[in-house]
Amino acid sequence: MVSFSHTDAGTAESVWEAAHRESVRAGQAASAGAALPGSAPLPADPSERALRVDELRRLIVVAAHPDDETLGAGGLIAQAGRAGLPVTVVVLTNGEASHPGSSTHDPARLAALRQVEVTAAVAALAPATLVRLLDLPDGSLAGHHDDAVRAISAEIGAGGPGTWLVAPWRLDGHPDHAAAAEAAHRAARDRAVRLFGYPIWAWHWSTPGDPVWSDGVVRTLDLAPEDRRCKTRAMALHRSQVQPLSVLPGDEPVIQAAFGVHFERGYETFIEIDAEPETDALSLPDQVAGSSLTGDFFEEFYAGTRDPWGFETRWYEERKRLLTLAALPRKRFRAALELGCSIGVLTAGLAERCDTVSAVDIAERPLSVARARLAARPCVSFARLTLPAEWPEGTFDLIVFSEVGYYFSAVELREVLRRCRDSLAPGGVIVACHWRHPVPEYPLTGDQVHAELGNLAGFERTVEHRERDFLLEVFEAAPARSVAQHEGLVP
């Protein structure tokens with residue numbers, strides 16, 4: 001698994017500065033008819049990468065957390081404000097989860113503090129800007145997709161020429177940023193707006209030659225000195241993020257010096273995204289909704305190792321497995337289908353609760369371990385299948401969809417979910433659990449998989465367990481009854 005932390009060293013600003021200089025030089029060479037270098041994070045042609053604000057008439061900036069708007073688009077807000085254009089900043093969460101280890105600031109205190117900070121910071125950028133504070137939960141935006149879409153849509157209205165919608169970049173690597181980007185993309189549908197994403201954490205974990213920068217058209221906005229000064233003042237007003245909350249452990253600044261320098265540039269970077277949805281695809285760009293991972297990928301991944309994910313040894317995995325089994329709304333099930341069973345550790349737990357378990361995986365190496373593990377359990381059968389083209393026969397009253405959804409392309413994920421729905425017996429249950437941290441090799445993120453699960457027609461979410469590391473949810477046919485209702489404890 002690949003993840004990042006704000007305490008990591010990250011990519012130095014000097015690397016990005018060198019890449020920017022090379023990109024400018026390449027553009028000049030192209031204008032003179034010279035050959036271009038192999039890779040650069042920006043289009044070589046200066047006319048393609050320059051963001052022309054003279055076309056802007058109204059600006060709507062979406063922030064997943066307070067300070068996103070200043071880091072990613074503070075200069076643009078300042079320019080629009082100086083030009084007398086209407087600007088609205090929609091802040092989806094209060095950022096109350098920024099210091100989980102703090103002993104001096106609980107989430108409620110952080111939320112109140114950061115609301116004050118973002119209001120002051122936006123005023124420093126452009127005093128006439130409207131600030132909308134949505135108060136959605138920090139770290140759980142994917143579960144409040146509809147609320148975010150409604151709020152952003154209300155600000156857009158009918159849109160119109162010159163209306164720009166600017167939101168966190170969908171490939172920025174933070175689950176809340178991906179959720180904010182998806183909500184903005186959904187809100188921009190069928191409206192006359194230009195949609196842009198702004199990177200924040202990608203400057204930290206990515207590099208100039210990373211293929212991730214091929215998403216959309218990368219544009220830069222040169223900042224006037226007065227706009228840079230406004231941005232600097234606004235950033236300083238986010239004191240809880242740029243300064244220690246106290247001298248105690250857990251109160252260190254989130255935006256440390258080496259990271260903050262990325263936002264002191266004389267330009268800002270935006271990725272222009274096509275706001276029109278693709279047919280039969282999630283509301284995600286083609287780069288996110290790419291090809292499904294193949295069986296060869298997993299055979300190679302398991303080569304030479306029995307348990308590459310530590311299912312048998314890590315407390316993280318054991319705890320998550322126990323939570324998954326505890327989330328099942330019934331004590332026993334007739335027939336279960338487990339998609340992506342790997343080496344069969346969760347399968348063994350399901351066998352204790354189900355009359356039969358049909359477990360499938362795309363790779364033979366892990367299946368051989370799973371078969372040996374459960375050789376004494378005739379109620380369990382295993383099959384190597386490539387989903388969704390191949391699908392097990394029968395109907396099931398439990399389908400387990402754990403740590404597998406993000407291996408599919410967007411189109412194939414929807415087909416997998418359709419087949420899950422069609423394979424469920426009346427009153428059947430789907431339980432899903434997925435890792436939330438970014439993995440560059442995977443076509444989708446866990447949050448995106450669960451957002452699509454939430455759109456499954458005819459089903460409702462009856463269990464929702466969210467942690468920083470994973471999502472665990474249960475879906476049942478609507479109208480669903482709770483466990484207490486089944487037990488006769490409530491009407």
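The values are calculated or read from the model by the stated rules, or taken from the named source; none is laboratory data. What you see is a predicted model, and the numbers here were worked out from it, not measured in a lab. With ideal geometry, Cβ positions are generated from the backbone for all residues, glycine too; neighbour counts draw on all protein chains shown.
Miscellaneous remarks
- From Ala108, Ala128, Ala121, residue being under 30 Å from Asp54 (Cα atoms), surrounded by fewer than 17 Cβ atoms within 10 Å (Cβ to Cβ), in the same structural domain as Leu51 (by TED's automatic domain parsing) and among the aliphatic types (A, V, I, L, M): Ala128
- Flag for Arg114 being touching a helix residue (DSSP H, G or I) at 6+ places or on another chain (Cβ under 7 Å), among the basic types (Lys, Arg) and either in a helix (DSSP H, G or I) or surrounded by fewer than 19 Cβ atoms within 10 Å (Cβ to Cβ) (or both): yes
- With a requirement of 3 or more residues that are modelled with pLDDT of 95 or more and crowded, with 22+ Cβ neighbours inside 10 Å, the helices (runs of 4 or more DSSP H) lying completely within the range 9-91 that satisfy it span 68-82.
- Selection from the range 331-361 of residues that are over 28 Å from the mean Cα position of the chain (by Cα), within 22 Å of Thr313 (Cα to Cα) and in a strand (DSSP E or B): Ala359
- Filter result for Ser140 (at pLDDT 95 or above, farther than 27 Å from Tyr267 by Cα and out of contact with any Ser or Thr (no Cβ under 6 Å at 6 or more places or on another chain)): no
- Restricting the range 255-277 to residues that are assigned to a loop (DSSP other than H, G, I, E, B) and crowded, with 19+ Cβ neighbours inside 10 Å leaves a set whose member that is nearest to the chain's Cα centre (by Cα) is Ala275.
- Helices (runs of 4 or more DSSP H) fully within the range 133-214 counting 1 or more residues that are β-branched (Val, Ile, Thr): 145-156
- Hits in the range 423-436 - residues which are touching a Gly at 6+ places or on another chain (Cβ under 8 Å) and touching a residue at least 40 places away in the same chain (Cβ under 8 Å): Ser423, Ala432, Trp435, Arg436
- The range 381-491 holds helices (runs of 4 or more DSSP H) entirely within its bounds, and those carrying 2 or more residues that are in the same structural domain as Arg334 (by TED's automatic domain parsing), surrounded by 13 or more Cβ atoms within 10 Å (Cβ to Cβ) and touching an Asp or Glu at 6+ places or on another chain (Cβ under 9 Å) map to 410-423, 446-453.
- Here Ala128 fulfils each of the conditions (1) over 23 Å from Thr7 (Cα atoms); (2) part of a helix (DSSP H, G or I) apart from (2).
- Qualifying residue in the range 235-243 (condition: in a helix (DSSP H, G or I), in the same structural domain as Pro161 (by TED's automatic domain parsing) and farther than 28 Å from Ala257 by Cβ): no
- In the range 362-376, the residues that are free of Cβ contacts under 8 Å to residues at least 40 places away in the same chain and either touching a strand residue (DSSP E or B) at 6+ places or on another chain (Cβ under 8 Å) or in a strand (DSSP E or B) (or both): Leu367, Ala370, Arg371, Leu374
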